[in-house]
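Worksheet: the structure to be examined is printed underneath.
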Amino acid sequence: MTSKPCLLILDIDGVLITSPPWKPDELHLDGYSQFNRDCVENLNDLLKTNVFEMYLSSTRRTVKTINEFNRIFRNRGIIQNLKGFVPEYPKAKNRREEIEYFLKEFNPKNYLILDDDKSLNDSKVEMKNRLVLTELQIGFTKEKLTEALNLIGL
């Protein structure tokens with residue numbers, strides 16, 4: 001494991017939750033949506049490779065606290081807590097703009113974005129070069145894990 005910290009901007013739907021949009025989410029024993037076990041395993045494999053500070057970008061961040069999400073993540077076997085949420089920026093019209101504002105504010109040296117939001121396709125080149133774009137019903141696969149490791153230089 002390297003000690004160069006990497007900011008990880010993480011979405012949930014389409015990354016860890018892969019339920020089809022026309023079906024209600026399957027629920028975990030804690031009453032919150034079940035995560036795809038393979039996607040969680042791939043995320044944990046990524047988290048074992050580097051020092052990460054995880055920030056949640058999902059729109060779901062607006063209805064739970066950081067402590068609630070960390071409990072949800074632990075219940076699903078995710079080996080690391082979230083550090084925080086990508087803030088809700090009043091001027092941001094979509095996820096891409098939220099992440100752009102966040103990156104401008106925090107100016108991380110190294111970062112990675114795991115998301116399925118297609119608005120991120122319109123990102124500036126430097127941001128696109130740090131994006132692993134997943135598919136809604138497939139999520140964070142082994143192939144996407146390999147892509148993520150390549151983007152952070154591992």
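Any read-out appearing in this document is the output of simple, stated calculations on the displayed coordinates, not a laboratory observation. Since we're looking at a predicted model, the values are computed, not measured. Note that we place each Cβ from the backbone using ideal geometry, even for glycine, and neighbour counts take in every protein chain shown.
Here is how the numbers come out for the structure above:
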{"quantity": "Under 17 Å from the Cα of Lys104 - aspartates and glutamates, other chains or at least 8 residues apart", "calculated": "Glu53, Glu88, Asp122, Glu126"}
{"quantity": "Translational D in µm²/s for the chain (Stokes-Einstein at 20 °C, 1.002 mPa s, Kirkwood Rh from C-alpha pairs)", "calculated": "137 µm²/s"}
{"quantity": "GNM top mover of Gly84, Gly31, Gly139 - the chain, alpha-carbon springs below 10 Å", "calculated": "Gly31"}
{"quantity": "Reachable lysines, given that their alpha-carbon falls under 18 Å from the alpha-carbon of Lys109 and they are not under 8 places away in the same chain", "calculated": "Lys4, Lys83, Lys124, Lys128"}
{"quantity": "Extension gain from Leu136 to Thr65, taking 0.36 nm per residue of separation minus the Cα-Cα distance", "calculated": "23.2 nm"}
{"quantity": "Between region 54-130 and region 1-44, the alpha-carbon center distance in angstrom", "calculated": "13 Å"}
{"quantity": "Cα-projected label distance for Glu97 with Asn75, points at 7 Å along beta-carbon direction, nm", "calculated": "3.4 nm"}
{"quantity": "Anchor Lys23: lysines whose Cα lies under 16 Å away (excluding residues fewer than 8 positions away in-chain)", "calculated": "none"}
